[in-house]
Amino acid sequence: MKKAAILVPNGASSRPTATASPFPPPPPPPSAQSSIGKGSSSNPGLRTLSSYLDLDKTMELPKKEIEAIWRLRHMNDAHSLCATIPLPVYQTIEATAKNHPHFILPLPKEGQGAEIHFLQWTFPAENTVTVLFTHLAEYKLKGEFSQPHTTITHHLELAKDKGLILLQGQVMEGRGVSVDEAKWLVMCLQKFYGLGGESNERRRLLELFGRGDASFKVEDLVEEAEKIV
């Protein structure tokens, strides 16, 4: 496969060093305790699963019906993403996210190479885990004031009783990323954080990036992401 060119934002080297990294240092890891099975949200502005589904009625349904209802709930929103994740798969993803809450992912752009995007995991409530995707160029310029182009929310309310995580995402219109491109980023995220199968190189890249190691190379990241296709 022909290697994609790398569209690195102005001022960002493709080989960040520990002393002059173009990427922000990661925050301290969140609590090692799992988010699954805790109480309700204390954040009044946060949309929990109960804002989408009647939880009492949903708990009575088999998993297949819940999955179908979840897809139907979002099918008429052209900028919405949705998926269901088996609990064991999600537990691996969450454990990795707690150790590596910041990372970057390449987005293939036809005829232009690969554009780099910054992601950040947040744990705003007991049963809600989110991922914010931002253009790396904007994140470098505005930091915490940058606006994500895609927000992914993992709803954990059904984890214990149904062994199921419901994922909902929203792609912001006019932010330079299509719904299909956002789907690619989410798939890529799950492959890196799920660490299944051929995971050694993905784990190495997560660890190098997390500690700002000078041997982290965006070229290696793009090469590994190309294997996911």
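Residues being assigned to a loop (DSSP other than H, G, I, E, B) and modelled with pLDDT of 95 or more: count how many of those fall in region 62-78. Steps first, answer last, please.
Of the residues in region 62-78, the ones assigned to a loop (DSSP other than H, G, I, E, B) are 62, 75-78.
Okay, now just the ones that are also modelled with pLDDT of 95 or more, so 62.
Total satisfying the criteria: 1.
Listed here are the residues, each with its yes/no results for (1) in contact with a helix residue (DSSP H, G or I) (Cβ under 7 Å, 6 or more places away or on another chain); (2) charged (D, E, K, R); (3) touching a residue at least 24 places away in the same chain (Cβ under 8 Å); (4) not in a strand (DSSP E or B).
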position: PHE103; (1), (2), (3), (4): yes, no, yes, no
position: PRO108; (1), (2), (3), (4): no, no, yes, no
position: ILE116; (1), (2), (3), (4): yes, no, yes, no
position: GLN120; (1), (2), (3), (4): no, no, no, no
position: PRO124; (1), (2), (3), (4): no, no, yes, no
position: LEU132; (1), (2), (3), (4): no, no, no, no
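Exactly one of (1) closer than 19 Å to PHE103 by Cβ; (2) of a type in the set (Lys, Arg); (3) in contact with a Leu (Cβ under 9 Å, 6 or more places away or on another chain) is unmet by LYS162. Its number?
(1)
GLN33 versus (1) modelled with pLDDT of 50 or more; (2) loosely packed, with under 14 Cβ neighbours inside 10 Å; (3) in a loop (DSSP other than H, G, I, E, B); (4) not hydroxyl-bearing (Ser, Thr, Tyr): which is the lone unmet condition?
Condition (1) is where GLN33 drops out.
Do any residues in region 80-96 that are of a type in the set (D, E, K, R) have Cβ atoms under 9 Å from those of residues that are assigned to a helix (DSSP H, G or I), where the two are at least six apart or on different chains, and which pairs are they?
As it stands, the answer is GLU94/TYR193, since those pairs meet every condition given.
Across region 178-223, what is the number of residues that are open to solvent by less than 20 Å² (accessible area, probe 1.4 Å), assigned to a loop (DSSP other than H, G, I, E, B) and at pLDDT below 95?
1
Hey, could you check region 38-61 for residues that are of a type in the set (S, T, N, Q) and assigned to a loop (DSSP other than H, G, I, E, B) and say which is modelled with the highest pLDDT?
Step by step, filter region 38-61, then rank; the result is THR48.
Inside region 150-177, can you point out the residues that are of a type in the set (Ser, Thr, Tyr) and either open to solvent by less than 10 Å² (accessible area, probe 1.4 Å) or without any contact (Cβ under 8 Å) to a residue 40 or more places away in the chain (or both)? It would help to see each step written out before you state the result.
Of all residues in region 150-177, those of a type in the set (Ser, Thr, Tyr) come to 150-151, 153.
If the condition is that a residue be of a type in the set (Ser, Thr, Tyr) and either open to solvent by less than 10 Å² (accessible area, probe 1.4 Å) or without any contact (Cβ under 8 Å) to a residue 40 or more places away in the chain (or both), then THR150, THR151 are the ones that fit.
Restricting attention to region 120-149, report how many residues are of a type in the set (D, E, K, R), under 24 Å from ALA95 (Cα atoms) and buried (at least 17 other Cβ atoms within 10 Å of the Cβ).
Within region 120-149, the first condition is being of a type in the set (D, E, K, R), and the residues that meet it are 126, 138, 140, 142, 144.
Cutting the leftovers down to under 24 Å from ALA95 (Cα atoms) gives us 126, 144.
With the extra rule that they be buried (at least 17 other Cβ atoms within 10 Å of the Cβ), the set shrinks to 126.
Residues meeting the conditions: 1.
Scan region 145-169 for residues that are touching a Lys or Arg at 6+ places or on another chain (Cβ under 9 Å), hydrophobic (A, V, I, L, M, F, W, C) and assigned to a strand (DSSP E or B) and jot them down.
Across region 145-169, the qualifying residue is only LEU164.
Of all residues in region 103-115, how many are surrounded by fewer than 18 Cβ atoms within 10 Å (Cβ to Cβ) and at pLDDT 95 or above? Break it down into steps so the answer makes sense when it comes.
We begin by selecting, within region 103-115, every residue surrounded by fewer than 18 Cβ atoms within 10 Å (Cβ to Cβ); these are 108-113.
Then drop every residue that is not at pLDDT 95 or above, which leaves none.
Of the residues in that region, 0 qualify.
The values are calculated or read from the model by the stated rules, or taken from the named source; none is laboratory data. This is a predicted model, so every value here is computed, not measured. Quick reminder, even Gly has a Cβ in these numbers, built from the backbone with ideal geometry, and neighbours come from all protein chains shown. Areas reflect the complete protein model, heavy atoms only, side chains present, ligands, DNA and RNA absent. Shrake-Rupley method; radii C 1.70, N 1.55, O 1.52, S 1.80 Å.
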